[in-house]
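Worksheet for the structure shown next.
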Amino acid sequence: MPDYDPNKTATRQEMRSYVCGQCHVEYYFKGPEKRLVYPWANGIKVEQIQAYYDELEYKDWTHKTSGAPALKAQHPEFEMWSQGFTPAPASPAPIATCLTSASAPRKSRIITCAVPC
């Protein structure tokens, strides 16, 4: 969809999935200030995220035996869901019960994931 704007055209189910994706997503903490960063500059496919990390020469740890740099995917559920990798034909939203202030206008709704991560 060339003109897809999730703030205007996303379905209720897609919006619920985006809420879950705020936490259940690949991320890392950058620098001593530990700034939250999503590695999506090249896209959200695994290969694109890997290319992003490769460009930075970023690693989470070094393998003790081989010395190979390694990454630890934090919570890649949203990226996997967005590419069709799901345990069932559903979005991540039904997995978690989310709470919303239904009386608030769409843009100002407060939505919180009620499942401990």
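The values are calculated or read from the model by the stated rules, or taken from the named source; none is laboratory data. Here the structure is a predicted model, which is why all the values come from computation and not from measurement. Using ideal geometry, Cβ is built from the backbone for each residue, glycine included, and neighbour counts are taken over all protein chains shown.
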(request) Among the residues of the range 38-64, write down those that are closer than 15 Å to residue 76 by Cβ, touching a Lys or Arg at 6+ places or on another chain (Cβ under 8 Å) and modelled with pLDDT under 90. (result) 60
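Here is a list: 30, 45, 59. Which entry is surrounded by 10 or more Cβ atoms within 10 Å (Cβ to Cβ), farther than 20 Å from residue 81 by Cα and in contact with a helix residue (DSSP H, G or I) (Cβ under 8 Å, 6 or more places away or on another chain)? Let's see the steps before the verdict.
On the way: 30 fails: in contact with a helix residue (DSSP H, G or I) (Cβ under 8 Å, 6 or more places away or on another chain); 45 fails: farther than 20 Å from residue 81 by Cα.
Being surrounded by 10 or more Cβ atoms within 10 Å (Cβ to Cβ), farther than 20 Å from residue 81 by Cα and in contact with a helix residue (DSSP H, G or I) (Cβ under 8 Å, 6 or more places away or on another chain) holds for just one of 30, 45, 59, which is 59.
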